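The values are calculated or read from the model by the stated rules, or taken from the named source; none is laboratory data. Owing to the predicted nature of the structure, the values given are computational and were not obtained by experimental measurement. Glycine gets a Cβ as well: all are built from the backbone with ideal geometry, and neighbour counts include every protein chain shown.
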Amino acid sequence: MTLEWAAGANQPHVFKNDRVTAALQNSPGVASARDLYYKNGKTSGFFSFGAAGYYNSGNNPIAQFVGGFSYNISVVGDNLQFFITNVTSMHSLLLDATPNSWNPVVGIGSNMTQYYIFTEPIKK
């Protein structure tokens, strides 16, 4: 995906209950969203990434690529369903240090949206 984004092939991607979402499921950002759900019942929000997020992602390349994201959590049967939206951009590559207005609209380094959907059992 990194090469696609850099080349400007900004077609949206959808990942659902696969190896990519499994890697994201273990990221610090998803852990933060999960914790807020269990502690406060919060079902949506934004996880900000920045340099600390990059460091905390360790060697998880999916967490590093996704960076910051918005999320929604729903109860589906006995599971939580996470719907995560990420826009890869020059702003995110530079760890949110530049304005979004600097993102190219088309071509090399333009915005690329990804959707990550996964479920996990509700903790009892």
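So here's what we get for this one:
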quantity: Residues located in the stretch 56-80, provided they are among the hydrophobic types (A, V, I, L, M, F, W, C) and either within 16 Å of P28 (Cβ to Cβ) or buried (at least 17 other Cβ atoms within 10 Å of the Cβ) (or both); calculated: I62, A63, F65, V66, F69, I73, L80
quantity: Qualifying residue in the stretch 85-104 (condition: over 13 Å from L24 (Cβ atoms), at pLDDT 90 or above, loosely packed, with under 12 Cβ neighbours inside 10 Å and not aromatic (F, W, Y)); calculated: no
quantity: Residues within the stretch 111-124 that are surrounded by fewer than 17 Cβ atoms within 10 Å (Cβ to Cβ) and either hydroxyl-bearing (S, T, Y) or closer than 11 Å to T88 by Cα (or both), tallied; calculated: 2
quantity: Boolean, G45 is in a strand (DSSP E or B), touching a residue at least 24 places away in the same chain (Cβ under 8 Å) and more than 15 Å from T119 (Cα to Cα); calculated: yes
quantity: Residues of the stretch 1-18 classified as within 12 Å of Y116 (Cβ to Cβ) and in contact with a helix residue (DSSP H, G or I) (Cβ under 9 Å, 6 or more places away or on another chain), total; calculated: 3
